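Written below as structure tokens is the structure these notes are about.
The values are calculated or read from the model by the stated rules, or taken from the named source; none is laboratory data. From a predicted model like this one, the values you see are computed outputs, not experimental measurements. Here the Cβ positions follow ideal geometry from the backbone for every residue, glycine too, while neighbour counts run over all protein chains shown. SASA here: full protein model, heavy atoms, side chains in, ligands and nucleic acids out. Shrake-Rupley method; radii C 1.70, N 1.55, O 1.52, S 1.80 Å.
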Amino acid sequence: MGKRRAERELLRSLSKRQKRHLKEFGEEHPFYDPVLLLLLHSCFPFQSENSDKSSSESDSETEVGQVSVYHKLLATLKTSPESESEEEEDESESEEDGESEAEMDSEGSEETGEAGGGEEYKNDTPGHEEGITATDTAEQTLGQEEADGADTSCDPSHGAIEEFTDVKHESEFSLETNFMEEESGDCNADKRDGNPFKQHMDKELEEKEVEKMSTLPKTSTQSKWPRLGQVTFSSTLEKCKTLKADKEVDVKQLYLHKPLETTWPKVNNQFLSSVNKPNDPFFTPLQRELFCIMNTYQDLFYPERNALTNGEEICHAYCLHALNHVLKANAQVLSNNAKRRDQKPGADNVDYRDQGLTRPKVLMIVPFRECALRIVHVFINLLEVNEKKKIDVSHKKRFKGEFGFDPEEKPPNLKRPEDYEAVFAGNIDDHFRIGVAILQKSMRLYAPFYSSDIIIASPLGMRTVIGAEGEKKRDFDFLSSIEMLIIDQADIYLMQNWEHILHLMKHINLLPLDSHGVDFSRVRMLNLNNWSKYYRQTLLFSALQDPQINSVFNKHCFNCRGQVAVRNVPLSGSISHVVVQLPHVFRRLEAENITSVIDTRFQFFIDKVLPEYRDAIMSHTLIYVPSYFDYVRLRNYFKKEQLNFTHICEYTKKAGVCRARRFFLKGEKQFLLFTERFHFYKRYTIKGIRNLIFYELPTYSHFYSEICNMMKATDNAADATWTCTVLYSKYDAQKLAAVVGIDRAAQMLQSKKNVHLFVTGEN
């Protein structure tokens, strides 16, 4: 409670304009760099004299000590006159908004919390990549800026925070000053023949091979697996060796590091059914096939992750693999430390090259704090052999306070789909990063990045520490020796800001600008040769196949071991889940190339589609727009043509949403522009839809059926005449197949004619 009071006091001290900058994102963000806006919103009002002492490992990189000319220029950025006029309109109509909210309640809306203010809790705010809320800023300023080792993060009364050096934990978790415990015997276990870790890390590439990987195309083969389905293996260096799915797994053949052989069956027991246990007491069928690929250190792309069904078991599988890798790598270093210590004077020096240029080995990208919380809990459970032998976890209380979630903060009257509840469970703040150091029987949370083995972060959290070219405070040296990159729930980043993922991929596995105290005699030659990216394993999990996700896997992954991708095609699309009888018209547009699709679609819409809906009889028309850029373009065109329309996007204020829904329901506005990101973050039921236009196929295929099924919420639905029009091109093949099924999609892509489908829930 003290923390919240301090936040409120901070907010009271701000001017009205400063509050608006902090609390509202505005609609001008596509025209400016989101990170610059983030710096302006989070840094400019809160200046600290001690910000020069902040390091890349803490969460204080976004503070600015002195206002440079560059930041003064940022301060001059203002919202567009159009958005300012909209804000004034919202303020002047505050009384009308209250009436409209009450009216929405009287209409029997399903979302009982959306008009009454109960739904807007601090974690349900979309678009954190463009800025952070006032609450988040206050929390970072008061709670998260302290140095590692101090457990007073939840006490906002300590005022200015001085940098604290956790000398005790630095020495306890240092790889250079510790040695392998004799009783563990882990070092000898890792020397067994066939150990995938040693085979991968000890492999020495030649310059000719590196040149081949950079120039020659990949050869690929396909295989059918019992659980994964269609699997594609690709490689450049050698002929692809098709793996076979193991029906049974011998735990000794997995080469798990102690104590994982003992703890994994207990931790994973929750996913094992009574039918599966006799066949395999360690893995589910999905985990067995995924881990079989992971353990070969090949890149993996699995696009069928589902938060409701297999999300947690996939998370447990890659946590086991990541922890196994870290324990083996650290055990090798500690064992070599002991050998160097016991080396007799005058003996020939032996090179023990067992490290990278920096310590972090594993980078895990997850969308929300709740995901990071679950990952750390899995790590702790995997390291604890039994209740008597619990591991020492430093700063655990602080971690629970910052990454946990109080269920009472979420209104109990929300009704959302099951997949929404699964994705947005717990603390859904998307601006965080935390370092984790693991050494034998201890774990250190909030470890400095250069003393960490594992870094768990969100794309926005990494973006703010990496920074942009020209910024003084930026750091990405800690990414130089990443050996395993895990990107989970990649589809959610399409709804946040995909540019953050691309920015991360451009700065990973680069040569560091500083030595950071490394002992070059212990650094592997692959790191010294700047070949780290050819040894990095990338594990990519998503709920869908998307060209942007495929591009990252194909263009930014260079693993010398090769790549494995699951490529199943949808037999039946989401159109089969439409429960209302509705004619679907798919109108194909022709574009010369993929770069011209955006302009071609816009011109096709205003020339051929929109004129058919201008008549007053075609009222109650909802236009579903996946891209915010397209939304802004259409909104400006509608204003220029003075069409009778209203609009809702992810940045529309709550009062504006209620007003737009009321106007659309009563027919006072003929068109409603509706963004995909708003639907992703809110899932409101829009009433009054009679005509539906998909400006582009939705990113999530099930959104198609969800939007179509909103028509059944329309009053006098039996007497209404409904229409649904979808625009698509040949470059939308994956999205089209996910909506109509692979067979129909193939026919539609071959034919250049418009396709008319009359689909009910039975089809």
Suppose we filter T646, T675 for residues that are over 17 Å from M710 (Cα atoms), hydroxyl-bearing (S, T, Y) and in contact with a strand residue (DSSP E or B) (Cβ under 7 Å, 6 or more places away or on another chain); which single one remains?
T646
When residues of the stretch 352-383 are filtered for being open to solvent by less than 10 Å² (accessible area, probe 1.4 Å) and in a strand (DSSP E or B), how many remain?
4
Flagged in the stretch 329-351 as touching a helix residue (DSSP H, G or I) at 6+ places or on another chain (Cβ under 8 Å), open to solvent by 10 Å² or more (accessible area, probe 1.4 Å) and in contact (Cβ under 8 Å) with a residue 24 or more places away in the chain, in numbering order, are Q332, S335, N336, D351
Is it the case that the stretch 678-690 has a residue that's basic (K, R), modelled with pLDDT under 90 and within 16 Å of P583 (Cβ to Cβ)?
no
Within the stretch 486-573, helices (runs of 4 or more DSSP H) holding 1 or more residues that are more than 25 Å from V465 (Cβ to Cβ):
525-528, 547-555
Tell me, yes or no, whether the stretch 333-342 has at least one residue that is farther than 19 Å from V523 by Cβ, acidic (D, E) and at pLDDT 85 or above.
no
Give S458, S481 a once-over and let me know the one that is in contact with a Gly (Cβ under 8 Å, 6 or more places away or on another chain) and crowded, with 17+ Cβ neighbours inside 10 Å.
S481
Listed residues T699, T721; which is assigned to a loop (DSSP other than H, G, I, E, B) and closer than 19 Å to S574 by Cα?
T699
Can you find, within the stretch 385-437, the residue that is modelled with the lowest pLDDT among those that are of a type in the set (V, I, T) and in a loop (DSSP other than H, G, I, E, B)?
V385
Filter the stretch 472-496 down to the residues that are of a type outside the set (D, E, K, R) and closer than 19 Å to P303 by Cα and list them by number.
M484, L485, I486, I487, Q489, A490, I492, Y493, L494, M495, Q496
Residue count for the stretch 293-314, restricted to those that are crowded, with 21+ Cβ neighbours inside 10 Å and either within 17 Å of the chain's Cα centre (by Cα) or among the hydrophobic types (A, V, I, L, M, F, W, C) (or both):
7
Hey, any hits in the stretch 291-311 for a residue that's more than 28 Å from N550 (Cβ to Cβ) and either assigned to a helix (DSSP H, G or I) or in contact with a Phe, Trp or Tyr (Cβ under 6 Å, 6 or more places away or on another chain) (or both)?
no
Can you give me the number of residues within the stretch 535-554 that are surrounded by fewer than 19 Cβ atoms within 10 Å (Cβ to Cβ) and within 18 Å of S480 (Cα to Cα)?
0
Among (1) at pLDDT 95 or above; (2) open to solvent by 30 Å² or more (accessible area, probe 1.4 Å); (3) among the aliphatic types (A, V, I, L, M), where does V326 come up short?
(2)
